[in-house]
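Here is the structure we will look at, set down as structure tokens.
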Amino acid sequence: MTVLTEIAESLQRGEDDRVGHLVRDAIEQQVPALDILNNALLAGMSVIGEQFRLREIFLPDVLLAARAMYAGLDLLKPLLARDGVPRAGRVVLGSVQGDLHDIGKNLVGIMLEGAGFEVIDLGSDVPAKRFVDAAEAHGASVIGVSALLTTTMPVMKAVVELVRARGLNGRLSVIVGGAPVSDAWAREIGADGYGYDAANAVERVRALVK
Amino acid sequence: MRPTLRLLDDGLIDRIVSEARDIVCTLGVEIHNPGLLDMLDAHGARVDKAAARAFLNESIVDRAIASAPAGFKLYDVHGRQTHHFSGDQVHFTPGSAAINILDGETGAIRKPTTADYIRYVKVVSGLPHIASQSTAFIPADVPSRISDSYRLYLSLLYGEKPVVTGAFTIEAFEVMKDLQLAVRGSEQALAEKPLAIFSCCPTAPIKWSDVTSQNVIDCARYSVPVEFVSMPLSGFMSPVTLVGSLVQHTAETLSGVVISQIARPGTPVLWGGSPAIFDIRYETTPMGAIETMMMDCAYSEIGHFLGLPTQAYISLSDAKQLDAQAGLETGMGATLAALSGINSVSGPGMLDFESCQSLEKLVVDNEICGMTKRLVRGIEPRDDFPARPIFEELLREKHLLIAKHTRRHLREEIGFPGPVIDRANHARWLEEGALTLGARARHEVARLVAAYQPSGLSADVTGELTRIMQAEARRHGMDALPERAT
């Protein structure tokens, strides 16, 4: 078994300490950082993502695997930045202004990172302007907006309108999600997508950045 | 603590038992079995053979209650223990002996065939909350004279779980005993590790037919456990008051205990039954009526009071389809049965006054059984005190999804039902085909049939089972048993 396969399998078992050790070994063996990222960490997370999509494993399994992935990713980050390696895409994420619920949004962030996206997490209680400012500043291609209250859902519309007002639509997509949100609501406010759960959100973001 | 339902206080139970004892001693028990009347005579009962009547006495009743075991175990075809009928332990088994099946594909109620029975055994094999097979329905493609032994044969051939069954004739018991001996190897092995329970039904009011009383005696000879299925019909064949019907149930069941214990003291028995109210509007016997369920739970309390394990036909429905009525009556029955600590609960899968089995309902009912079993495990502190550390972790990590505490206790605290129970959000439910309960249940039946693994019985044993059954079929004019696909 190669060290890359070993990392991927260890990651799937959620063994964060072991993934850290193995990634360190791989770096010492001069395995290119991009190889470790793509063929070990993301390959492992891809299996996890697929198993999750097929309902073979559940959220805690994904979170454990993601934690193991971070244990390796943290070691790779300085090397990847040095090599200027491109990621799957950059996503700005947050819960809307007036909404302090962030567990769903956090799950989406973890799943997106697991799928190779760079996530700029603005946290909760985020005004529309901050979403769009951050997306422009970081050169993100997707804004992910989460709401858990019907009363805070209108902020999602404000985000979509601001993207349009700044002439960013076409290169900056807005995807929405959260318990009271629906596909119909997404269409009504002119959002580019709706994810009904974390795994589904990743699929939608992937489709948007293609 | 285990959550528990009580319907009768000890004073009322004492009175009911005492009235029932008075009835079996003074009014007597009608018994259409001369050999049994002789046995009772020999044990000190007053017998009026011309009137086919035996008058028990306090001593015979006391001895019978004392010698009947407080509990017993059941074992699968490989001899592995699957049941312990004791205390308030609850085991579920499909409702048995339906004459019809609800066809999952057409929605029609029709006569079942061998192929249906094999599918049924395959489904039961994969249901985690259904601990035993019952011979749940009667295949109509064999002569009725062998339909009882034929069900047991198919169950032992395809399934591994023990069987709740019954003989329709005196002769059939011999064959059904031989089928069990083929699996266990010897009479001693069968006595040590019972494989099947036989239902034996008195007739209301307080009568025993030749067949059923002889079945009780024959079971006792081989230490085969018996469940007594007394069936008072409140307001028709028993008093309309629930207490009055309970007195009759107690009298009928006490007489059954006496028969089994004089045949062989120590024979394992279940204090069972299938009482019902009588619905005067439709002239039917609703098993889903709350009063029926109350009688079930109450007589189980009486059985436990006497120190015996119990059984009931509860957690079934009178609906004709897998509909909301089926769910409410089955769910309510299973919950009450579990809270009452009825040791063997016969009902899952059954519809239409115990006359129709449904495989689709069975997979749904399996989830009901799982939920009620969780219910009676109750709420217990685990790693909960002191509480501060886990809350410190929650505040620090923002969630506990992957906390060690969660991983340690998730599966023991929370049961996750199979795919027949819909817990998806609306969007996901739509994406997965917006399946109704009926459709999800049909998929699950198909999945279980496909996932079935053949029984691990040796070819010698399965060959012997088939030899016994073929000989029996030939004896009743059937040259060959029905074709079986696999």
* Structure fact -> Taking the stretch B:80-129 and keeping residues hydroxyl-bearing (S, T, Y), closer than 17 Å to B:P225 by Cα and surrounded by 18 or more Cβ atoms within 10 Å (Cβ to Cβ) leaves B:T93, B:S96
* Asked: Name the residues in the stretch A:29-39 that are open to solvent by 70 Å² or more (accessible area, probe 1.4 Å) and outside any helix (DSSP H, G or I), would you?
  -> A:Q29, A:Q30, A:P32
* Structure fact -> Exactly one of B:V24, B:V77 is within 20 Å of B:L246 (Cα to Cα), out of contact with any strand residue (DSSP E or B) (no Cβ under 6 Å at 6 or more places or on another chain) and either assigned by TED's automatic domain parsing to the domain that holds B:L316 or open to solvent by less than 30 Å² (accessible area, probe 1.4 Å) (or both), and that residue is B:V24
* Asked: Filtering the stretch B:293-329 down to residues that are among the β-branched types (V, I, T) and in contact (Cβ under 8 Å) with a residue 40 or more places away in the chain, which residue is surrounded by the most Cβ atoms within 10 Å (Cβ to Cβ)?
  -> B:T310
* **Qualifying positions in the stretch B:130-174 - closer than 19 Å to B:L74 by Cβ, open to solvent by 10 Å² or more (accessible area, probe 1.4 Å) and assigned to a helix (DSSP H, G or I)** => B:L157, B:Y158
* **the stretch A:9-57, subset over 19 Å from the mean Cα position of the chain (by Cα) and among the small types (G, A, S), residue farthest from the other protein chains (Cβ to nearest Cβ)** => A:A33
* To do: Kindly indicate whether B:R484 is exposed (fewer than 14 other Cβ atoms within 10 Å of the Cβ) and either closer than 28 Å to A:N200 by Cβ or in contact (Cβ under 8 Å) with a residue 12 or more places away in the chain (or both).
  => yes
* Residue within the stretch B:392-405 that is in the same structural domain as B:T106 (by TED's automatic domain parsing), touching an Asp or Glu at 6+ places or on another chain (Cβ under 8 Å) and open to solvent by less than 20 Å² (accessible area, probe 1.4 Å) present -> no
* To do: Would you check if A:R87 is open to solvent by 50 Å² or more (accessible area, probe 1.4 Å) and either under 15 Å from A:V205 (Cα atoms) or not in a loop (DSSP other than H, G, I, E, B) (or both)?
  => yes
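This table checks each residue for (1) surrounded by fewer than 19 Cβ atoms within 10 Å (Cβ to Cβ); (2) without any contact (Cβ under 8 Å) to a residue 12 or more places away in the chain.
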{"position": "A:G144", "(1), (2)": "no, no"}
{"position": "A:P154", "(1), (2)": "yes, yes"}
{"position": "A:V160", "(1), (2)": "no, no"}
{"position": "A:V163", "(1), (2)": "no, no"}
{"position": "A:R171", "(1), (2)": "yes, no"}
{"position": "A:A201", "(1), (2)": "no, no"}
{"position": "A:A207", "(1), (2)": "yes, no"}
* If you go through the stretch B:445-465, how many residues are farther than 30 Å from B:G418 by Cα and surrounded by 15 or more Cβ atoms within 10 Å (Cβ to Cβ)? -> 4
* Report, ordered by the first and then the second residue, all pairs with beta carbons closer than 9 Å, sequence separation of six or more or different chains, a first member in the stretch A:55-84 that is in contact (Cβ under 8 Å) with a residue 12 or more places away in the chain, and a second member that is surrounded by 15 or more Cβ atoms within 10 Å (Cβ to Cβ) and hydroxyl-bearing (S, T, Y). => A:A68/A:S10
* **Failed item, numbered, when B:E283 is tested on (1) modelled with pLDDT of 95 or more; (2) out of contact with any helix residue (DSSP H, G or I) (no Cβ under 9 Å at 6 or more places or on another chain); (3) not small (G, A, S)** => (1)
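Here is a yes/no grid of residues against (1) modelled with pLDDT under 90; (2) open to solvent by less than 30 Å² (accessible area, probe 1.4 Å):
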position	(1), (2)
A:I7	no, yes
A:H21	no, no
A:L41	no, yes
A:E50	yes, no
A:R67	yes, no
A:G94	no, yes
A:D102	yes, no
A:G114	yes, yes
* **Count of the stretch B:348-379 residues which are assigned to a loop (DSSP other than H, G, I, E, B) and touching a helix residue (DSSP H, G or I) at 6+ places or on another chain (Cβ under 7 Å)** => 2
* Could you please tell me which pairs satisfy a Cβ distance under 9 Å, a separation of 6+ or placement on different chains, a first residue in the stretch B:381-404 that is away from chain A (no Cβ under 11 Å) and within 19 Å of A:N106 (Cα to Cα), and a second residue that is open to solvent by 60 Å² or more (accessible area, probe 1.4 Å) and part of a helix (DSSP H, G or I)? => B:E393/B:K404
* Determine whether the stretch B:267-283 contains at least one residue that is surrounded by fewer than 24 Cβ atoms within 10 Å (Cβ to Cβ) and in contact (Cβ under 8 Å) with a residue 60 or more places away in the chain. => no
* Filter result (closer than 19 Å to B:N215 by Cβ, open to solvent by less than 60 Å² (accessible area, probe 1.4 Å) and either touching a residue at least 40 places away in the same chain (Cβ under 8 Å) or not aliphatic (A, V, I, L, M) (or both)) within the stretch B:30-53 -> B:E30, B:I31, B:N33, B:G35, B:L36, B:M39, B:L40
* Asked: Residues in the stretch B:421-432: is at least one under 13 Å from A:P60 (Cβ atoms), without any contact (Cβ under 8 Å) to a residue 24 or more places away in the chain and open to solvent by 70 Å² or more (accessible area, probe 1.4 Å)?
  -> no
* Asked: In the stretch B:213-260, what count of residues is obtained for those that are under 21 Å from B:Q180 (Cβ atoms), β-branched (V, I, T) and outside any helix (DSSP H, G or I)?
  -> 3
* Number of the exception - B:R377 against (1) crowded, with 18+ Cβ neighbours inside 10 Å; (2) away from chain A (no Cβ under 14 Å) -> (1)
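The values are calculated or read from the model by the stated rules, or taken from the named source; none is laboratory data. Being a predicted model, the structure only gives us computed values, none of them experimental. Because the Cβ atoms are built from the backbone with ideal geometry, glycine has one as well, and the counts that use them run over all protein chains shown. Note: accessible area is taken over every heavy atom of the protein model, side chains too, but ligands, DNA and RNA are not part of it. Shrake-Rupley method; radii C 1.70, N 1.55, O 1.52, S 1.80 Å.
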